[in-house]
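To start, the structure itself, in structure tokens.
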Amino acid sequence: MAELALAYSPPPCPALDAILAHDEHSLPCTDDQPMPDVRAQEGPLGYSRDTIRRHLRPLRDRVAVDSDLFVYYVGRDRRGQPVRASVAPDVFVVFGVPDREDRRSYVLWREPDADIRFVLEIASESTRLRDHTAKRDVYASLGVREYFLFDPPGGGRPAALLGLYLRDGTYREIAPVELPDGRPGIPSAVTDLVAHIEDSRLRWFDPVAGVDLLTYDESMDRGEAAERAREVTARTLEAEARARQRAEARVAELEARLRASDRT
């Protein structure tokens, strides 16, 4: 139903009143269904959510970055009657609301300032067609300015990335740009980042810093490597200090012997 129920503004009626009576706390916050392909999806999902959230952290009082939460909206059924509909983007960026840790869902008729400007969907075998068709139409009806789709490799297919921007109610493909090392990337005006594929993985490039944003494991590895380097440096400096002390003590001992020899 949700995929057919494109967002619209129905005239007042009892069916609409019943829908509008619900809020974030009276609606389900999950369907308790696992991702269709956890191994292929959870890596790029977690990486994209966390890195985009860190990148936009200075705006967290008015910009939220979430994943796998229901977005509820008013749609219509096949008879044109208003129905409660929902969609659950893999990763999305919402302007006009603070980044709340206790958020259960987005109920758009209760949050008129919530402006969903970016959505990333990570396809699986069972969702690929829907991500490229029905969900695309839903996001266009909701006014989502940018829609990115990442297809992990599988079944002999290479990884693929598509970026779309909304113009006059229709999605158009975002022209790729060239990264400093010559790799192609797709810029996101909403996040100020550039998405690209590296070794079949989705990566986000920060054009201001000139670097790819790191995964959690990469950050930990680099932090541990830096800590090991600091420990090695500290041990080296300590060894050099002991060597200097020994050398200075040896010089002092030799000078004392020379003075004693001169007196005799």
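Values quoted throughout were computed directly from the atomic coordinates according to the rules given, and no laboratory measurement underlies them. Since the structure is predicted, the reported quantities are computational estimates derived from the model, not experimental observations. Positions of Cβ are backbone-derived with ideal geometry, glycine not excepted, and every protein chain shown enters the neighbour counts.
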Original post:
What are the residues whose amide H is under 5 Å from the amide H of residue 174, where those residues sit 5 or more places off or on another chain and H is modelled from the backbone?
Top reply: 163, 164, 165
Subject >> Relative pair counts by distance (%), Cα atoms of the stretch 50-94, 5 Å bins >> reply: 5, 20, 21, 15, 13, 10, 7, 5, 3, 0
**OP:** Mind checking the full-extension length gain between residue 61 and residue 170? Use 0.36 nm per residue of separation minus the Cα-Cα distance, one decimal, nm.
**Re:** 36.2 nm
Subject >> Rough spin-label spacing in nm, given labels placed 7 Å along Cα→Cβ, for residue 253 and residue 54 >> reply: 5.2 nm
Subject >> Whole-Hz ³J(HN,Hα) from phi, Karplus 6.51 cos²θ - 1.76 cosθ + 1.60, for the stretch 107-114, glycine and proline x >> reply: 10, 5, 6, 9, 10, x, 8, 6
Original post:
Given the stretch 34-149 reduced to its alpha-carbon atoms as identical point scatterers, what log10 I(q)/I(0) does the Debye formula return at q = 0.11, 0.12, 0.14, 0.17 Å⁻¹?
Top reply: -0.36, -0.43, -0.59, -0.86
Original post:
From a point 7 Å beyond the Cα of residue 129 in the direction of its Cβ, which residues of the stretch 147-161 have a backbone N at a distance under 20 Å?
Top reply: 149-158, 160
Original post:
Along the three principal axes, how long is the stretch 119-198 when you take its alpha carbons, biggest first, rounded to the nearest angstrom?
Top reply: 37, 31, 16
